[in-house]
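Inspection log for the structure reproduced underneath, given as structure tokens.
The values are calculated or read from the model by the stated rules, or taken from the named source; none is laboratory data. In this text, all values refer to a predicted model and were calculated from it rather than measured experimentally. As a convention, Cβ positions derive from the backbone with ideal geometry for all residues, glycine included, and neighbour counts pool all protein chains shown.
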Amino acid sequence: MERALRDKKAILFFVLPALIWFVAIALLPVLQSVRYSLLKWDGITQGKYVGLANYTELLGDGLFWNALWHSLILAGASVFIQLPISMLLAMILVNGVKGETLYRNIFFVPVIISSSVIANLWMKVYHPSYGLLNTLLGNLGLTAWQHEWLGSTDSALIACFVPMVWQYIGYHMLLYYSSAKAISEDILEAARVDGANKRQMVFSIIIPQIVPMIKASVIFAIIGSLKSFDMIQILTKGGPVHASEVPSLMMYINIFTTRRYGYASAIAIFIIVECLVFTLLVQRVFGRWQND
Amino acid sequence: MKKCMALITALVLLLSLGLTSASALAEEQVTLKFWHIWPTDRMAQIVDDYIAIYEAEHPNIHIEPSAYQEVDYQTQKLPIACSTKSQGDVFFCWGGGAAKTYVDAGAVLKLDDYLAKYNVYDDILEGTLTYGTYDGGVYGLPLKQWAGVLFCNQELFDEYGVAIPTTWDEMMTAVETFRANGVTPLVLGAKDAWHIGMIQNALAVRTAGPDYVNAALSGEATMNTEEIVRSAQLLVDLNNAGAFCNGTLGVSSEEAQEEFYMGMVAMYFGGSWCASGCDSPDNDLVGKVTVAPLPVVEGGKGDETTYSGGVIDFMMVNAATEHPDEAFDFALGMTKYMSQECYKIGDSLPAWKLGEIDEAEVSPTLIAIKDLIQNSTGYVLAWDTFLAGAAIDAHYQALQGLIAGTMTPEEFAVAMDEAVVAMYAQD
């Protein structure tokens, strides 16, 4: 092994293809975006260098802070609503219920359906006149609760978040479930011999064993939320009047409607930095937890 | 190893020699890329039909069509392709503000010489080149005309004893009557802001008159006038009177339109392109649709002969094409053919002087619209096709703001004025 590591050519040989690939499709575009973010540019004609003007405008843009706030709410909802539900389902399945495989597959179904299909399904659920939700409320006699779910500024955001949070519950559940299943039977056996009940098994044995997976899934959930786009684009297009706008949607509008590539690139860079910061933060928090 | 390399080099040289001689032989073969926005249905059929006709007439020319979804095409595909002039040799594009950037970037071929050479001016209907003309040069061949009209479901009007409205008071009465009977009076998919714009833009034609609105959109007059405020106010009045379907801000234009086609809604203010849907046997409306101009507004400067609409669909030629003559020839043929066939299927009004057409072949609703606009005295394009860049987004946000109640009609006029001024200040 050591001899292999000393062979710089061999290292280069094995690393280079992946490195080239990574640089070409990940690093270069990011660097290019950094360059674009310093331009005032419509994407077609010659751009004009404006320094950090796009960034100063971004930081003073109330709409951007509004969008950012929305994405942070989504991140919060993902971590504190979505993940606990996933964990609960995973722990129920791990403890062996009848039809374990069936339930596991059912919970996972939303993950394999494309987001645009889910969004279209939920549009039918939310439709103000003949939507499932309003019809149900009407049949229950709760007409006062009927609402223009996607069409009103006070509910559009939440209405978008519900399917987004729901969609990935199965995904995180599967992560927890599979890592819990991978815990050595010896450990579980030892706990049982020591007389641990199911609750103690979950909280004292299983969860501490799968902390690395929890860390990964928290990072996935947060980053996924910060760059969320597809579902909102289809459900509300960020509207009505910015009520459900998130940064990546704002970036999209700035590129393709208002044709401000420079400004949109600045938003892109902000999202990248934001995701990196959150990843480090989560690593930090979990690092401390794991050390305890 | 060296031998091997030499061998390979020799082989490559040999091969490339073969290729050059082969291409020299077939020099006459020309391939033209054609980009358009009709991937499905009858429009796609028309495109395919003409390509087959054209290829049969010109055996040396091969047409390579690519069809895209319109919105993605206009907002993403074309801007990116035009930045490197790699769009099709012949391509569809909106005129007005949309193509301006591409023309400025030198991605579109100026057609004046070709128009003169092919003697095209005689065949084009008057006024149809306006929004394909930039700095005095023509850059697009007009494909079709549209006009915004009020589609009325006559069956529902008869059922509730309502007359087709001709004045705004009658319009509001009709709205109240239908609403009182639990029928959605006027369908609107406000999630797509352009759909709100259809109504407000047409109202502005009524209140301010076409000449003024055109001047304002061109940056030669201010948007912040009483008449523009009034056009927004009338829209807000409609909304407050419950004219639109429930939760309209969460409903897309397609969903809304579908409700009208299903016969559930009394009125729909739409473009003439909806005629084909009204006459389609797939829908429940055949023979039930009456078309009318948008009701006139008391004291307004635009009478019932003025319309929202015009010519915004153009065929253009890539400035970087290797075969400009062939590309223009094909574009011209395709444009004329489509103009005629689209008229027949009820998609749009022609932009060209057409030969004799058996009217029995044409969608009856579209004939009704054609009769309606025969004596038209003025048009204004949809604002979002006239304007460009940030001004479009500002318009959309202001329209949704009116419906959501977060913006007053006065603020709407101010916002539009600022957006238009900023747009022309950039140039």
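Tell me which residues, restricted to the stretch B:95-113, are away from every other protein chain (no Cβ under 14 Å) and touching a strand residue (DSSP E or B) at 6+ places or on another chain (Cβ under 8 Å).
B:Gly95, B:Gly96, B:Leu109, B:Lys110, B:Leu111, B:Asp112
B:Asp211: free of Cβ contacts under 8 Å to residues at least 40 places away in the same chain, surrounded by fewer than 21 Cβ atoms within 10 Å (Cβ to Cβ) and either more than 14 Å from every other protein chain (Cβ to nearest Cβ) or in contact with a helix residue (DSSP H, G or I) (Cβ under 8 Å, 6 or more places away or on another chain) (or both), yes or no? Spell out the reasoning first.
Details: free of Cβ contacts under 8 Å to residues at least 40 places away in the same chain: no; surrounded by fewer than 21 Cβ atoms within 10 Å (Cβ to Cβ): yes; either more than 14 Å from every other protein chain (Cβ to nearest Cβ) or in contact with a helix residue (DSSP H, G or I) (Cβ under 8 Å, 6 or more places away or on another chain) (or both): yes.
No; evaluated as a whole, the condition is false for this residue.
Cβ-Cβ under 6 Å, sequence separation 6+ or interchain: first residue in the stretch B:252-273 and under 18 Å from B:Trp194 (Cα atoms), partner part of a helix (DSSP H, G or I) and among the β-branched types (Val, Ile, Thr). Which pairs?
Cβ pairs passing all conditions: B:Phe269/B:Ile199; B:Ser272/B:Ile369.
Mind listing just one residue for me: the one in the stretch B:336-365 that is assigned to a helix (DSSP H, G or I) and farther than 16 Å from B:Arg42 by Cα and, of those, farthest from the chain's Cα centre (by Cα)?
Checked the stretch B:336-365; the qualifying residue farthest from the chain's Cα centre (by Cα) is B:Ala360.
Is there a residue being more than 17 Å from the chain's Cα centre (by Cα) and over 20 Å from A:Gln167 (Cβ atoms) anywhere in the stretch A:267-283? Please lay out each step first, then the result.
Step one: filter the stretch A:267-283 for residues more than 17 Å from the chain's Cα centre (by Cα), giving A:267, A:269.
Now drop any that are not over 20 Å from A:Gln167 (Cβ atoms), which leaves A:267, A:269.
Yes, some residue in the stretch A:267-283 is more than 17 Å from the chain's Cα centre (by Cα) and over 20 Å from A:Gln167 (Cβ atoms).
What about B:Cys82, is it within 11 Å of chain A (Cβ to nearest Cβ), under 22 Å from B:Thr31 (Cα atoms), surrounded by 14 or more Cβ atoms within 10 Å (Cβ to Cβ) and not basic (Lys, Arg)?
Against the criterion (within 11 Å of chain A (Cβ to nearest Cβ), under 22 Å from B:Thr31 (Cα atoms), surrounded by 14 or more Cβ atoms within 10 Å (Cβ to Cβ) and not basic (Lys, Arg)), B:Cys82 qualifies.
Quick check: anything in the stretch A:106-119 at pLDDT below 95, within 14 Å of another protein chain (Cβ to nearest Cβ) and in a helix (DSSP H, G or I)?
Scanning the stretch A:106-119 turns up at least one residue that is at pLDDT below 95, within 14 Å of another protein chain (Cβ to nearest Cβ) and in a helix (DSSP H, G or I).
Would you pick out the residues in the stretch B:74-94 that are aromatic (Phe, Trp, Tyr) and either touching a helix residue (DSSP H, G or I) at 6+ places or on another chain (Cβ under 7 Å) or at pLDDT below 90 (or both)?
Pass one, the stretch B:74-94, residues aromatic (Phe, Trp, Tyr): B:91-92, B:94.
Listed by number, the list holds a single entry, B:Trp94.
Out of the stretch A:154-164, which residues are within 11 Å of chain B (Cβ to nearest Cβ) and either charged (D, E, K, R) or crowded, with 19+ Cβ neighbours inside 10 Å (or both)?
Listed by number, the residues that qualify are A:Asp154, A:Ala156, A:Ala159, A:Cys160.
Scan the stretch A:42-100 for residues that are within 30 Å of B:Ala105 (Cβ to Cβ) and touching a Ser or Thr at 6+ places or on another chain (Cβ under 8 Å) and jot them down.
Of everything in the stretch A:42-100, those that are within 30 Å of B:Ala105 (Cβ to Cβ) and touching a Ser or Thr at 6+ places or on another chain (Cβ under 8 Å) turn out to be A:Asp42, A:Gly43, A:Ile44, A:Thr45, A:Asn54, A:Tyr55.
Residues of the stretch B:379-415 being farther than 24 Å from B:Val251 by Cα, assigned to a helix (DSSP H, G or I) and not small (Gly, Ala, Ser), which ones?
B:Phe386, B:Glu410, B:Glu411, B:Val414
May I ask you to verify whether B:Lys110 is under 30 Å from B:Met316 (Cβ atoms), part of a loop (DSSP other than H, G, I, E, B) and under 22 Å from the mean Cα position of the chain (by Cα)?
Answer is yes for this residue.
Residues that are under 30 Å from B:Thr84 (Cβ atoms), at pLDDT below 95 and buried (at least 22 other Cβ atoms within 10 Å of the Cβ): does the stretch B:111-123 have at least one?
Yes - at least one qualifying residue is present in the stretch B:111-123.
Just wondering, is there one or more residues in the stretch B:48-64 that are modelled with pLDDT of 90 or more, assigned to a helix (DSSP H, G or I), within 11 Å of chain A (Cβ to nearest Cβ) and surrounded by 18 or more Cβ atoms within 10 Å (Cβ to Cβ)? Don't jump to the end; show me each part of the working.
Of the residues in the stretch B:48-64, the ones modelled with pLDDT of 90 or more are B:48-64.
From what's left, assigned to a helix (DSSP H, G or I): B:48-57.
Applying the additional criterion that residues be within 11 Å of chain A (Cβ to nearest Cβ) yields none.
Taking every residue of the stretch B:48-64 in turn, none turns out to be modelled with pLDDT of 90 or more, assigned to a helix (DSSP H, G or I), within 11 Å of chain A (Cβ to nearest Cβ) and surrounded by 18 or more Cβ atoms within 10 Å (Cβ to Cβ).
So which of B:Gly247, B:Gly189, B:Gly219 is crowded, with 21+ Cβ neighbours inside 10 Å and touching a Phe, Trp or Tyr at 6+ places or on another chain (Cβ under 8 Å)? Quick ask: steps written out before the conclusion?
Details: B:Gly189 fails: touching a Phe, Trp or Tyr at 6+ places or on another chain (Cβ under 8 Å); B:Gly219 fails: crowded, with 21+ Cβ neighbours inside 10 Å.
Within the list B:Gly247, B:Gly189, B:Gly219, the selection yields B:Gly247.
Filter the stretch B:237-268 down to the residues that are under 25 Å from A:Ala156 (Cβ atoms) and away from chain A (no Cβ under 14 Å) and list them by number.
B:Asp237, B:Leu238, B:Asn240, B:Ala241, B:Ala243, B:Gln257, B:Tyr268
A:Thr153 passes all but one of (1) assigned to a helix (DSSP H, G or I); (2) touching a residue at least 12 places away in the same chain (Cβ under 8 Å); which number fails?
All conditions pass for A:Thr153, except number (1).
Would you confirm whether or not the stretch B:222-236 contains a residue that is assigned to a loop (DSSP other than H, G, I, E, B) and aliphatic (A, V, I, L, M)?
yes
Could you please let me know if B:Ala419 is modelled with pLDDT under 90, more than 19 Å from the chain's Cα centre (by Cα) and in a helix (DSSP H, G or I)? So that I can check it myself, show each step before the final result.
On the way: modelled with pLDDT under 90: no; more than 19 Å from the chain's Cα centre (by Cα): yes; in a helix (DSSP H, G or I): yes.
No; evaluated as a whole, the condition is false for this residue.
Among (1) touching a residue at least 24 places away in the same chain (Cβ under 8 Å); (2) within 14 Å of chain A (Cβ to nearest Cβ); (3) surrounded by fewer than 22 Cβ atoms within 10 Å (Cβ to Cβ); (4) part of a loop (DSSP other than H, G, I, E, B), which single condition is B:Trp194 missing?
Condition (4) is where B:Trp194 drops out.
Sort through B:Tyr343, B:Tyr268 and tell me the only one that's under 30 Å from B:Gly88 (Cα atoms), of a type outside the set (A, V, I, L, M, F, W, C) and at pLDDT 85 or above.
B:Tyr343
Considering only the stretch A:9-28, I want to know if a residue exists there that is under 25 Å from the mean Cα position of the chain (by Cα), more than 14 Å from every other protein chain (Cβ to nearest Cβ), within 30 Å of A:Lys237 (Cα to Cα) and surrounded by 13 or more Cβ atoms within 10 Å (Cβ to Cβ).
no
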